[in-house]
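Colleague: Please see the structure below; I have some questions.
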Amino acid sequence: MKRSEREKQFSQRMISRRALMLGGLQVGIAGTLMWRLRDMQLNQTEQFHLLAEENRINLRLLPPVRGLIYDRKGVLIAGNEQNYRVVMKRDDAGDIDLVLERLSQLIPLSDEDIARARHDMLRNRPFVPVTVAERLSWEEISRIAANAPALPGVTPEMGLSRHYPLEHDMAHVVGYVGPVSERDLAELEAPDPVLMIPRFQIGKSGVERVQENHLRGRAGSQRVEVNAVGRVMRELDRVEGSPGGNLHLTIDARLQNYALERLHGHSGAAVVLDVTNGDILALASGPSFNPNLFVRGISTSDFSSLLENEFRPLVNKTVQGLYPPGSTFKMVTALAALEDSVTDGQERVFCPGHMDISGHRFHCWRRGGHGRVNMTSALSESCDVYFYEMAQRCGIDKINAMATRLGLGVRYELPITSVSAGLNPSRDWKQRNRNAAWRVGDTVNASIGQGYVLTSPLQLAVMTARLATNKAVLPRLLRDPTESAERVAADLDLRPEWLRLIRRGMNETVNDQRGTAYSSRIVGEGQVMAGKTGTSQVFSITRAEREAGIRRQEDLPWNRRNHALFVDYAPMDDPKYAVAVVIEHGGGGSSTAAPIGRDITLAALHDGQVPPLASYPSPQRNRIRAEQEELEERLRQPEALRINRA
Amino acid sequence: MSYLEYNTKRMPSGLSKVLYLNWPLVALLTLVAGYGVVMLYSIAGGNAQPWAEPQARRFVFGLVLMFIVAFMPIWIWRSVAGVAYVVTLLLLLGVEFFGTIGMGAKRWLVIGPVRMQPSELAKVTTIMALAAYYDLLDMKKVSRPLWVLLAALIAIIPALLVLRQPDLGTAMLIALGGGVVIFAAGVHWGYFAALIGTATGLVTLVLQSRGTEWQILQNYQYRRIDSFLDPTLDPLGAGYHVNQSMIALGSGGWSGRGFMEGTQARLNFLPEKHTDFIFTTLAEEFGFVGASSLLILYMLVIGVCLLSAFNTTNRFASLVTLGIAGTFFLYFAVNMAMVMGLAPVVGVPLPLVSYGGSAMIVLMFGFGLVQSAHIHRARLPS
């Protein structure tokens, strides 16, 4: 802008005046800085010099003691054990490579250990102590202490590290801890400073992960004055942390051990519920793995052998494994039909061994057919055609609603990782996910727990508990030992007469000569069980295979055999336990899953002990005795399961 | 100043411009940068790598840039000020949407092979934009509320965008740098008094309400403010550094421990020893003599700039000069106050001394503008 001379002069005068004010302010601030500098460097220099030369203040974090985890009776599941370790600080060590090399002459250190320690030290701030080696013997620690002058920055320390005394038994439930990863830090909103300590361990899976905040506790800190060689001269102040809280699981460690060992040789899962309150007494997924390996840092070869194992030991099959429930789903179809009043349950349906529905032939598992069956005998002999008929009468909507009511297709709130919701299919679901309309064939498949239906073993146990009690039992894994164990679930409001029919069917399945699980019955007052077998198809035997002579499951390769399932509750008259067993590719429900389900049910009735032979039908006792002897060798010794709650 | 005022007869042209450069300023800047190179050499344990040599090379590049900027007539810079400001805003928005993350904040923008920090650029372009604004504005309107508001927006918009990255230090420098230009342009002092008064009142209100029934912030927010104001409350984070920084600085005494004699082991715990905390090393190794001489050099730079601003009748030229000088002052004053434990730790480097490219190049560009204003100043009639 073209300005007049007068305006220019006015502007210049104004700017000069303001510039002078700014300059004055700046000189004032600079003067303050100069005064502060003089004060620190000339007046107080003695004091700072002393602090710098003689002593330095060192801040140490006191890691909190992680909370303990007990089973329902007080058996320790996750504890902390004493552990001698060597820590090192970059700013005290000077030449870290030299010190590490000297250290490796005193204690066994692999190249990997050294590389990790170097990396941790260079990545962290220099005053942060880094753990170089853990789990050292007393001699090794003494050797380091004796050579302390040659090892600047190295301090032997005693700490606690996580230990799982029950090893494999609880791996899937409790999970394990491991060092904090970058990803863990990124997921947390406000990371606790204690997490920045290298090799501080946090829960990586299971209860350890979900209950991390409860278990971790709060770190304390300590400010100490140390001299030039790192000796602590005095403690300046100390803020006490607080230890993590303990947890009590509903699991019975003894029963869990029995269940897991009973699954030995199979890939499968077994769940035991207390039907009166939903307590999960056993949640066994076999084969399992030793969580202590992960705490110490699992070797690559161990880890890949776990990953490559066909039986998938790392997967928690009880809640994460999803299987077509097969015939164990038939109770759902039966109840849906009763509720919809399309049958009275007494009515008989003729089973010729197959049924033709919209141009497709659906077979019953018994090729010759069951003849005329009513609801009870259809359940106990597991007739498929009866349920094809009922499902067509009541439709998928009723079946879907009943399955939901019995707890299928529902994700339970449990403090463990990767709990699956399963799949309880509906018209809406198929439209959204498969972009196709629901067809009658889908209903027919669903009626016998095939097709789209997928359930986890835990869900099957919940379903059984609900059938046994007519209550909306919900599973729980944590309990407050100070509170009463009683918990009343909401009523399920299924008509008693419907349930009488279902329960009679389940009773006859096990205790009637024609039942599919008759050979797995329990004898003896007050411990009779009722149950249902299931065999779910993974692949059907192809025509080519049939022609090649393959008719039996045993002839198929393992991973193409049918899944074997069994659900039961006991005692029949006053139900206490509900059990679900799924054996992956076990062949058949009655041949593989039912005997395992019976043994685990008996163990539950006998406080987790090996069941007495008197509970088995007399012709089977010799065989059972041999099986039990073999099993007892693998079971944990009683002293390993002693109660150690303070 | 527009071309119309560009009195070619009284202006130096061609190579003769070299004679009209503000040579004292060139000498002062070189001296200050020299302090930096020497300290970086010492921190690396007597090695030109990894910091001293690249820093020296960057300063030479900065000097060349300064000369190039200086030789372009100041009216050209005035006419591109608006465009430069808008481009800066677009780049800042670009960071918001496409920026890359480094050190926990989103500051970098990668366009093809070029990696840049638009927030550094904003420090200079905001000052240029405000100076051009007041050059255009009728003198009578300077203190009218609407026009003051517009100026405030010019300063605050880039500052807010930078704050979102988040980079509190740079945002503060941009806003305060803009404030210096607005103040120098002659806006009525009442606005500043009102602003300072309101801010003080608000802060007092928030702090006073603590523990009463009408507490304004959550407890954890108060705790954060506490540890920001008094870093010793956060012993694992900033507090540790400030504490150790003060010990090192204080132990320097009158003449220091001597070149490269600073207790390296002690300083190793400072993660930013070659950047934000470099003043600590200087004060430890060269004592009060070294530290205060750098402070005096800095003040001389300010003084030379103020003199240059007094001696031109051109509004844009003097406002830019004052703005650049003000920003420069804020840089070193905040940094020194921080390492001496007088101010909270915000990431502000020691200008021309701390290791780092972006800040140095942008500052040298800014001093190029000061030089251009000096060479092409409308000389007062003698």
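Bear in mind that the values in this text are calculations on the coordinates, not laboratory data. These numbers were taken from a predicted model, which means no experiment stands behind them. No Cβ is skipped: glycine too gets one built from the backbone with ideal geometry, and neighbour counts run over all protein chains shown.
Colleague: Helix-only mean residue ellipticity at 222 nm, chain B, DSSP H runs n ≥ 4 weighted -39,500 (n - 2.57), per residue, nearest 500. What is it?
Modeller: One gets -22000 deg cm²/dmol as the mean residue ellipticity at 222 nm.
Colleague: How big is the antiparallel share of DSSP beta bridges in the protein assembly as shown, given as a percent to the nearest 5? Don't jump to the answer; show the numbers that get you there.
Modeller: Numbers: 79 of 82 bridges.
That works out to approximately 95 percent antiparallel.
Colleague: Roughly how big is segment B:3-375's charge dipole about its Cα centre, with Cβ charges of +1 (Lys, Arg) and -1 (Asp, Glu), in debye to the nearest 20?
Modeller: On the way: 21 positive and 16 negative charges, 166 e Å.
Value, rounded to 20: 800 debye.
Colleague: Quick one: the Cα spread of the protein assembly as shown along its three principal axes, in angstroms, biggest first?
Modeller: Taking max minus min along each principal axis of the Cα atoms, the protein assembly as shown gives 126, 73, 65 Å.
Colleague: For segment A:521-646, what does the alpha-carbon gyration tensor say about shape, rounded, prolate or oblate, given a ≥ b ≥ c as the root eigenvalues, a/c under 1.5 as rounded, and a/b over b/c as prolate?
Modeller: Working: a/c = 2.16, a/b = 1.87, b/c = 1.16.
Prolate, because a/c is 1.5 or more and a/b exceeds b/c.
Colleague: Measure off 7 Å from each Cα along the Cα-to-Cβ vector at A:D39 and A:Q82, then give the distance between these two points in nanometres to one decimal.
Modeller: In this crude spin-label approximation the distance works out to 5.2 nm.
Colleague: Oh, and also: Per residue of A:31-44, what is the mean number of Cβ atoms on other protein chains within 10 angstrom of that residue's Cβ? Kindly include the intermediate steps, with their values, before the conclusion.
Modeller: Numbers: counts 2, 5, 11, 7, 0, 6, 12, 4, 2, 12, 17, 6, 1, 3.
That works out to 6 on average.
Colleague: Please report how far the C-alpha centroid of segment A:9-27 lies from that of segment B:176-199, rounded to the nearest whole angstrom.
Modeller: 13
Colleague: Could you point to the residue in A:P575, A:W498, A:L255 farthest towards the positive end of segment A:253-641's charge dipole, with +1 and -1 charges on the Cβ of Lys/Arg and Asp/Glu respectively?
Modeller: Sorting the options by dipole projection puts first A:W498.
Colleague: Counting alpha carbon pairs within less than 8 Å and at least 6 residues apart, what relative contact order, in whole percent, applies to segment A:58-248?
Modeller: Details: 349 pairs, mean separation 64.0, N = 191.
33 percent.
Colleague: Estimate the FRET efficiency between A:D344 and A:V410 by the formula 1/(1 + (r/R0)^6), using the beta-carbon distance for r and 30 Å for R0, to the nearest 0.05.
Modeller: 0.55
Colleague: In nanometres, what is the gap between the two model label sites at A:R367 and A:S181, each 7 Å from Cα along Cα-to-Cβ?
Modeller: The two pseudo-label positions are separated by 5.1 nm.
Colleague: Nearest 10 degrees is fine. How inclined is helix A:621-634 to the longest principal axis of chain A, computing both from alpha carbons?
Modeller: 0
Colleague: Additional query: Kindly put B:F329, A:F48, A:F566 in sequence by how many other C-beta atoms sit within 10 Å of each C-beta, fewest to most. Write out the running numbers ahead of the final one.
Modeller: Numbers: B:F329 25, A:F48 20, A:F566 36.
If I rank by nearby Cβ atoms, fewest first, I get A:F48, B:F329, A:F566.
Colleague: Between rounded, prolate and oblate, where does segment A:390-470 land on the alpha carbon gyration tensor, with a ≥ b ≥ c its root eigenvalues, rounded for a/c under 1.5, else prolate if a/b exceeds b/c? Working shown, then result.
Modeller: Values: a/c = 2.47, a/b = 1.42, b/c = 1.75.
Note, shape of segment A:390-470 comes out oblate.
Colleague: Measure off 7 Å from each Cα along the Cα-to-Cβ vector at A:R218 and B:F192, then give the distance between these two points in nanometres to one decimal.
Modeller: 4.6
Colleague: If you line up the long axis of helix A:111-123 against the longest principal axis of chain A, both from Cα atoms, how many degrees apart are they, to the nearest 10?
Modeller: So the helix axis and the longest Cα principal axis differ by about 60 degrees.
Colleague: How would you rank A:L22, B:L63, A:L166, going from fewest to most other Cβ atoms within 10 Å of each one's own Cβ?
Modeller: On the way: A:L22 20, B:L63 17, A:L166 23.
In increasing order of surrounding Cβ atoms, one gets B:L63, A:L22, A:L166.
Colleague: Work from the charge dipole of chain A (Cβ charges, +1 for Lys and Arg, -1 for Asp and Glu, about the Cα centre) and give the residue of A:F200, A:I643, A:P595 farthest towards its positive end.
Modeller: Among A:F200, A:I643, A:P595, the one farthest towards the positive end of the dipole of chain A is A:F200.
Colleague: Defining a contact as two alpha carbons under 8 Å apart and six or more residues distant in sequence, what relative contact order in percent does chain A show?
Modeller: Over chain A, the number comes to 14 percent.
Colleague: Separate question: Which of the helices in chain B meet the span-like rule: DSSP H, Cα axial reach of 20 Å or more, Kyte-Doolittle mean at least -1.0? Display every interim value, and only then the final one.
Modeller: On the way: long enough: B:23-43 (30 Å, 1.83); B:52-71 (29 Å, 1.26); B:74-98 (34 Å, 1.79); B:118-136 (26 Å, 0.63); B:145-163 (26 Å, 2.72); B:168-184 (24 Å, 2.15); B:189-208 (28 Å, 1.36); B:278-310 (38 Å, 1.83); B:315-339 (36 Å, 1.54); B:357-375 (27 Å, 1.50).
Helices meeting the span and hydropathy rule in chain B are B:23-43, B:52-71, B:74-98, B:118-136, B:145-163, B:168-184, B:189-208, B:278-310, B:315-339, B:357-375.
Colleague: Once the Cβ-Cβ distance between A:E112 and A:R143 is put in as r, and R0 is 25 Å, what FRET efficiency do you end up with, to the nearest 0.05?
Modeller: So, using R0 = 25 Å, E works out to roughly 0.70.
Colleague: Which order do A:T328, A:T131, A:T482 fall in if you start with the one that has the fewest other Cβ atoms within 10 Å? Spell out each step's value before the answer.
Modeller: Working: A:T328 30, A:T131 21, A:T482 6.
By the 10 Å Cβ count, ascending, the order reads A:T482, A:T131, A:T328.
Colleague: Could you grab the relative contact order for chain B? Cα pairs under 8 Å, six or more apart, rounded to a whole percent. Intermediate results must be reported in sequence, preceding the final value.
Modeller: Numbers: 544 pairs, mean separation 103.6, N = 382.
RCO, chain B: 27 percent.
Colleague: A further question on this structure: In terms of the Cα gyration tensor, with a ≥ b ≥ c the square roots of its eigenvalues, is segment B:3-375 rounded because a/c is under 1.5, prolate because a/b exceeds b/c, or oblate? Kindly include the intermediate steps, with their values, before the conclusion.
Modeller: Numbers: a/c = 1.72, a/b = 1.15, b/c = 1.50.
Here segment B:3-375 falls in the oblate category.
Colleague: I'd like the orientation of helix A:384-394 relative to chain A: the angle between its Cα long axis and the longest Cα principal axis, in ° from 0 to 90, rounded to 10.
Modeller: Between the helix axis and the principal axis of chain A, the angle is about 70 degrees.
Colleague: Using +1 at the C-beta of Lys and Arg and -1 at the C-beta of Asp and Glu, which of B:P349, B:P118, B:T88 has the Cα lying farthest in the positive direction of the dipole of segment B:3-375?
Modeller: B:T88
Colleague: 222 nm [θ] for chain A, helices only, -39500 (n - 2.57) per DSSP H run of 4+, per residue, to 500? Can you show the working numbers first?
Modeller: Values: 24 runs with 237 residues, N = 646.
That calculation yields -10500 deg cm²/dmol at 222 nm.
Colleague: Only four residue types carry charge here, +1 at the Cβ of Lys and Arg and -1 at the Cβ of Asp and Glu. Report the dipole size of segment A:58-248 about the Cα centre in Debye, rounded to the nearest 20.
Modeller: Details: 25 positive and 28 negative charges, 78 e Å.
Once rounded to the nearest 20, the dipole reads 380 debye.
Colleague: Let me ask something additional. Using the Cα centre as the reference, give the magnitude of the dipole from point charges on the C-beta atoms of the protein assembly as shown (Lys, Arg: +1; Asp, Glu: -1; all else neutral), rounded to the nearest 20 debye.
Modeller: On the way: 105 positive and 94 negative charges, 737 e Å.
Using Cβ point charges on Lys, Arg, Asp and Glu, the protein assembly as shown gives about 3540 debye.
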